């Protein structure tokens, strides 16, 4: 038996709502990250670079974490006279972190954009299910009455 009746539409809407509740709970961090990224995109490029540099200079622990994660040293230039936690530092083969941070931010924005497209399409599916459900008769109700 196919999915063409009132009950099927009703259950499809219920399943879609449950999916949304789980998605909102699971992707709360990504939604916040999307908001922050969007706010940063609204600023011009010079201000973005300035904000990155201020963030870099204000936190030593963030510097160490970024250097370890991206295998880079320094923000705009590598200084081999200072300390660095990257694996490339002993070999003197490190690159500055600013370009790698910007490349990683671009990659994250692509993922967030894909997540936004996913929610957009499921919203359109929900509107279609709702329209279909609203225009169907309930087989248990009075046959001459519409919803």
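Residues being over 14 Å from residue 52 (Cβ atoms) and surrounded by fewer than 19 Cβ atoms within 10 Å (Cβ to Cβ): count how many of those fall in region 65-86.
Summing the residues that are over 14 Å from residue 52 (Cβ atoms) and surrounded by fewer than 19 Cβ atoms within 10 Å (Cβ to Cβ) in region 65-86 gives 11.
Report whether or not residue 129 is out of contact with any strand residue (DSSP E or B) (no Cβ under 6 Å at 6 or more places or on another chain) and touching a residue at least 60 places away in the same chain (Cβ under 8 Å). Give the derivation first.
Working: out of contact with any strand residue (DSSP E or B) (no Cβ under 6 Å at 6 or more places or on another chain): yes; touching a residue at least 60 places away in the same chain (Cβ under 8 Å): yes.
Answer is yes for this residue.
Report, ordered by the first and then the second residue, all pairs with beta carbons closer than 6 Å, sequence separation of six or more or different chains, a first member in region 43-68 that is within 14 Å of residue 96 (Cα to Cα), and a second member that is in a helix (DSSP H, G or I).
If the second residue must be in a helix (DSSP H, G or I), the pairs left are 66/97.
Give the number of residues within region 33-83 that are over 22 Å from residue 112 (Cα atoms), at pLDDT below 85 and outside any helix (DSSP H, G or I).
Total meeting the criteria: 6.
When residues of region 87-107 are filtered for being exposed (fewer than 12 other Cβ atoms within 10 Å of the Cβ) and closer than 23 Å to residue 36 by Cβ, how many remain?
Counting residues in region 87-107 that are exposed (fewer than 12 other Cβ atoms within 10 Å of the Cβ) and closer than 23 Å to residue 36 by Cβ gives 3.
The values are calculated or read from the model by the stated rules, or taken from the named source; none is laboratory data. It should be emphasised that the depicted structure is a prediction, and the values quoted were computed from it without experimental measurement. Here the Cβ is made from the backbone with ideal geometry for all residues, glycine too, and neighbour counts use every protein chain on show.
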